[in-house]
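As structure tokens, the structure follows; a few thoughts come after it.
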Amino acid sequence: MEIIAIPSHREGGLNEKVHPKFGMCESFTFITLDNNEITQVKVIENSAADETRSRGTLAAKIVRNNGAEKLIVKKLGPNASMALNSLNVKTYQAPDGSILVKDLLALYLKGKLKITPAEDLIFDRDLA
């Protein structure tokens, strides 16, 4: 069994779009898989999004506190990267562009997403 977290827009869930900003997403969609079959989908509001500081660190704690050992994300801030590393959360890079959570999960299940060290997902502040 594995639990994967995906930052999501608005209400979250499989039919919602993936949010490009980890610490600022409105919600996290947590997907529990058993032998590559979805056994549970849970959505948790990202209470860190309203914070003025340490959003990434707080969001990383939300992910880990909800049992996720894997995170699929587009980009991270430096503090989120360090927090996820310290919490032993494995990170996978989501493709650029708009994608639904269920389509991103399908890419993961097909082996199209590879583990990417969290430090390699840090956004370039000049491009953000």
- Can you run phi through the Karplus equation (6.51, -1.76, 1.60; θ = phi - 60°) for region 32-40 and list ³J(HN,Hα) in whole Hz, with x for Gly and Pro? 9, 10, 10, 6, 6, 10, 5, 10, 7
- Built amide H within the under 5 Å cut-off of Ile99, gap 5+: Val18
- May I ask you to evaluate 6.51 cos²θ - 1.76 cosθ + 1.60, the Karplus curve with θ = phi - 60°, for each residue of region 47-53 and list the ³J(HN,Hα) values in order in whole Hz, giving x for glycine and proline? 5, 6, 4, 8, 6, 8, 9
- Name the residues whose placed amide hydrogens come within less than 5 Å of the amide hydrogen of Glu69, ignoring near sequence neighbours (fewer than 5 apart) on the same chain. Ile3
- Task: Would you mind computing the Rg to Rh ratio of the chain from its alpha-carbon coordinates, Kirkwood style for Rh?
- Result: 0.92
- Report relative contact order for the chain in percent, whole number only (criteria: Cα-Cα under 8 Å, sequence separation at least 6). 25 percent
- Query: Quick one: Karplus J couplings for region 92-108, per residue in order, coefficients 6.51, -1.76, 1.60, θ = phi - 60°, nearest Hz, x for Gly and Pro?
  - Reply: 10, 8, 7, x, 5, x, 7, 8, 7, 4, 5, 6, 5, 4, 4, 4, 4
- Message: If the elastic network links every pair of Cα atoms under 10 Å, which of Glu45, Glu26, Glu37 fluctuates the most in the Gaussian network model of the chain?
- Response: Glu37
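Bear in mind that the values in this text are calculations on the coordinates, not laboratory data. Note that the structure is predicted; figures quoted are calculated from it, not measured.
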